[in-house]
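*Asks:* The structure that follows is given in the form of structure tokens.
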Amino acid sequence: MSRSNTLFIDGHKARVTYDPVVDMFRGVFVNTKSEARFMASDVKELKVAARDALDSYLNACSITGVKPFQQRTLRPFMALQRLKAILH
């Protein structure tokens, strides 16, 4: 079983887990339009791999004209609030 931790690169959040099967750390940036993943065998290497993955992702988004990050919305929260109001 793996435990999730958080890593920030330039303010962008990545979820990191340790995979004992391959004896490596795996990471993925959150709130991105598509996946930006990275892997490394130690923490120092993990930070370098995360930086490289983020830079590559941002470059690809720039070339294709895609906004790299999803905007957060309050719609799910508001829907939940309406449902709670109906039920009470």
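*Asks:* Taking the highest mean first, how do the peptides 23-33, 57-67, 37-47 order by number of other beta carbon atoms within 10 angstrom per residue?
*Replies:* Top to bottom by mean Cβ count within 10 Å: 23-33, 37-47, 57-67.
*Asks:* Also, quick follow-up: Setting aside same-chain residues fewer than 8 positions from K67, which lysines have a Cα under 20 Å from its Cα?
*Replies:* Of all the lysines, those that pass the test against K67 - Cα under 20 Å, at least 8 places apart if same chain - are K13, K33.
*Asks:* Using r as the Cβ-Cβ distance of F8 and A85, and R0 as 41 Å, what FRET efficiency do you calculate, to the nearest 0.05?
*Replies:* Values: r = 36 Å, r/R0 = 0.88.
Step by step, r from the Cβ atoms, then E = 0.70.
Rule-based calculations on the coordinates, nothing more; no lab input. Because the structure is a prediction, the values reported are computed rather than measured. Positions of Cβ are generated from backbone atoms using ideal geometry, with glycine treated the same way; all protein chains shown enter the neighbour counts.
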